[in-house]
Amino acid sequence: MVESRLAGPVRIVGVGLLGASIGLGLRARGIEVVLDDASPTNLGIAVDYGAGRATADDDRPELVVVCTPPDVTADVVAAELARYPEAIVTDVASVKLQILHELIERGADVTRYIGSHPMAGRERGGPMAGRADLFAGRPWVVAAHEAITYRKGGIVDDLILDLGGILVEMTPEQHDRAVALVSHVPQVVSSVLARRLTDAPHAALNLAGQGLRDMTRVAASDPELWVQILGANAAPVAQVLRAFREDLDRFIRALDDIEAPGARRRIAEELAGGNTGESRIPGKHGVDRRYTSLIVMVDDRPGQLARLFQDVGEAGVNIEDLRLEHSPEAQIGLAEISTVPEAQERLTEELTARGWRIAG
Ligand SMILES: NC(=O)C1=CN([C@@H]2O[C@H](COP(=O)(O)OP(=O)(O)OC[C@H]3O[C@@H](n4cnc5c(N)ncnc54)[C@H](O)[C@@H]3O)[C@@H](O)[C@H]2O)C=CC1
Ligand SMILES: O=C(O)C(=O)Cc1ccc(O)cc1
């Protein structure tokens with residue numbers, strides 16, 4: 001077994017999806033894990049599934065990970081800070097600023113608290129949904145604040161790296177604004193869209209394809225958890241939703257008067273804007289993390305792509321993945337070529353020498 005960064009024991013409070021997954025992941029690396037939960041049933045299930053052993057009075061954890069619902073997280077963190085005066089305490093709640101404020105207000109020892117948030121989860125909660133590899137390759141934010149240095153909170157980095165997560169440092173404010181856009185608003189939009197289906201005829205639903213399934217997957221999430229998450233990040237979420245409403249209004253105006261000059265162009269531009277936004281999401285399109293990509297500008301003329309592939313082949317480079325994009329304003333396309341990282345520099349030089357323009 002690969003050596004672990006954490007020495008342990010690690011105490012996990014709240015052994016639902018997140019807590020059980022962390023326990024299973026740490027146990028798989030041989031780290032001692034002690035578990036606690038307000039629900040004796042969930043605790044028993046998590047122990048039975050091998051996520052750790054049940055808590056005992058003489059536990060001396062080096063790290064406490066609080067994995068309870070957001071609305072009780074500040075309470076539980078404060079209690080854990082008081083109960084284990086030697087331990088660093090973190091939590092995994094989906095919002096960070098409100099919890100920190102609550103802890104400061106109640107005078108908790110925040111010099112030993114550093115909040116975090118793994119960007120990994122599932123629609124189902126509870127310990128039976130836990131997975132040891134839930135965090136592998138996923139971003140995990142550590143939200144530093146003035147009362148604790150990254151060095152002192154470094155044990156949380158060890159937790160993340162031991163579980164295969166990708167460490168990301170942000171302030172609680174930056175974190176909450178970022179997740180409003182990439183996680184909380186997508187949840188709202190998915191739920192609102194899925195709600196349109198509640199009285200749809202079966203004949204229509206039977207035609208549903210992958211597009212609808214992709215768009216509504218997270219609509220199956222637990223409403224109780226999400227009321228808490230949205231309530232604790234209300235202002236940043238409402239801000240993004242207001243911009244979204246304006247986008248929708250523009251769309252509706254164009255559709256309502258589709259024969260008006262420029263209406264179709266406006267719709268095309270909205271959709272093209274979506275293409276641009278979608279292309280900026282890292283790690284999509286099956287592009288493997290082992291590859292790097294090069295964006296080549298291609299004239300919108302017959303035979304250009306064939307010439308590009310020929311030139312890449314003559315440079316002795318294998319195309320691992322390919323994506324094409326068209327610029328709405330110009331007679332030009334963008335070809336994103338994924339290659340192994342070692343080939344990137346050589347390919348850039350070869351293509352430039354053969355007259356290709358590299359966009360990024
Ligand atoms: N579900 C997801 O996909 C993700 C959730 N999170 C965050 O992780 C945290 C936990 O979420 P899940 O694991 O999905 O929830 P869950 O509902 O599966 O598990 C929560 C557990 O906490 C226990 N609990 C509730 N109140 C408690 C208390 N006062 N003391 C001790 N235990 C208590 C419950 O009995 C339950 O076992 C939440 O703060 C959530 O925002 C973070 C990333 C992803
Ligand atoms: O299912 C997905 O795609 C998710 O992104 C799950 C998720 C839910 C809540 C979080 O706070 C973080 C991640």
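Going from the fewest other Cβ atoms within 10 Å to the most, the residues HIS101, HIS117 appear in the order HIS101, HIS117. Coupling constants for the stretch 253-263 follow from the phi torsions by the Karplus curve (6.51 cos²θ - 1.76 cosθ + 1.60, θ = phi - 60°), and in residue order they are 4, 5, 5, 5, 10, 5, 8, 5, x, x, 5 Hz; glycine and proline get x. Estimated at 0.36 nm per residue, the fully extended path between ALA353 and ALA79 surpasses their Cα-Cα distance by 92.2 nm. As a ratio to 2.2 N^0.38 Å, the alpha-carbon radius of gyration computed for the stretch 224-360 takes the value 1.42. As a proxy for reagent exposure, GLU342, GLU325 were ordered by neighbouring Cβ count within 10 angstrom, fewest first; the result is GLU342, GLU325.
Per-residue Karplus couplings for the stretch 33-44, computed as 6.51 cos²θ - 1.76 cosθ + 1.60 with θ equal to phi - 60°, are listed in order as 10, 10, 10, 8, 7, 5, 9, x, 5, 4, 4, x Hz, Gly and Pro entered as x. Highest mean first, the peptides 249-260, 88-99, 151-162 sorted by other C-beta atoms within 10 Å per residue fall in the order 88-99, 151-162, 249-260.
A simple rule links phi to the HN-Hα coupling: the Karplus curve 6.51 cos²θ - 1.76 cosθ + 1.60 with θ = phi - 60°, which for the stretch 70-82 gives x, 6, 10, 4, 4, 4, 5, 4, 4, 5, 5, 4, 6 Hz, with x for Gly and Pro.
Quick one: angle between helix 185-195 and the longest Cα principal axis of the chain, in degrees between 0 and 90, rounded to 10, please. The angle comes out near 80 degrees.
Tell me the chymotrypsin sites (Phe, Trp or Tyr not before Pro) within the stretch 118-190 that lie in a loop according to DSSP and have at most 14 other beta-carbon atoms within 10 Å.
Values: sites: PHE135, TRP140, TYR150; in loops: PHE135, TYR150.
Hits after loop and neighbour filter: TYR150.
The H on the amide N of ILE332, modeled in the peptide plane, is under 5 Å from the matching H of ASP300, SER327, each at least 5 residues off or on a different chain. Once the other residues with Cβ under 10 Å from the Cβ of ILE295 are scored (Lys, Arg +1; Asp, Glu -1), what is the net sum? Residues close to ILE295 contribute a combined charge of 0.
How big is the gap, in Å, between the Cα center of the stretch 189-241 and the Cα center of the stretch 41-69? Using only Cα atoms, the two centres lie 33 Å from each other. Rg/Rh for the chain stands at 1.04; both radii use Cα atoms, and Rh follows the Kirkwood definition.
Taking the Cβ of each residue in ARG112, ARG346 as the centre, tally the other Cβ atoms inside 10 Å and list the residues starting with the fewest.
Values: ARG112 21, ARG346 13.
Neighbour counts put them in this order, fewest first: ARG346, ARG112.
Name the residue farthest towards the positive end of the dipole of the stretch 292-358 from the options LEU294, ILE337, GLN304, assuming +1 on Cβ of Lys and Arg, -1 on Cβ of Asp and Glu, about the Cα centre. Highest projection toward the positive end goes to GLN304. Charge tally for LEU324 (other residues, Cβ to Cβ under 12 Å; Lys, Arg +1; Asp, Glu -1): -3.
If a/c stays under 1.5 just call it rounded; otherwise compare a/b with b/c (prolate if a/b is bigger, oblate if not). Do that for the stretch 178-256, with a ≥ b ≥ c from the square roots of the Cα gyration tensor eigenvalues. Working shown, then result.
Numbers: a/c = 2.35, a/b = 1.25, b/c = 1.88.
Judged from the Cα gyration tensor, the stretch 178-256 comes out oblate (a/c at least 1.5, b/c at or above a/b).
The base-10 log of I(q)/I(0) for the stretch 10-171, evaluated at q = 0.12, 0.14, 0.15 Å⁻¹, reads -0.44, -0.61, -0.71 [Debye formula, identical scatterers on Cα atoms, solvent excluded]. With the simple model of a label 7 Å out from the Cα in the direction of the Cβ, ARG122 to GLU224 spans 1.9 nm. Label-to-label distance for ALA147 and ALA268 is 5.7 nm, based on points extended 7 Å past Cα in the beta-carbon direction.
None of the figures in this text is laboratory data; all of them are computed from the coordinates on show. Treat the numbers as computed from the prediction; the structure is a model and nothing was measured. As a convention, Cβ positions derive from the backbone with ideal geometry for all residues, glycine included, and neighbour counts pool all protein chains shown.
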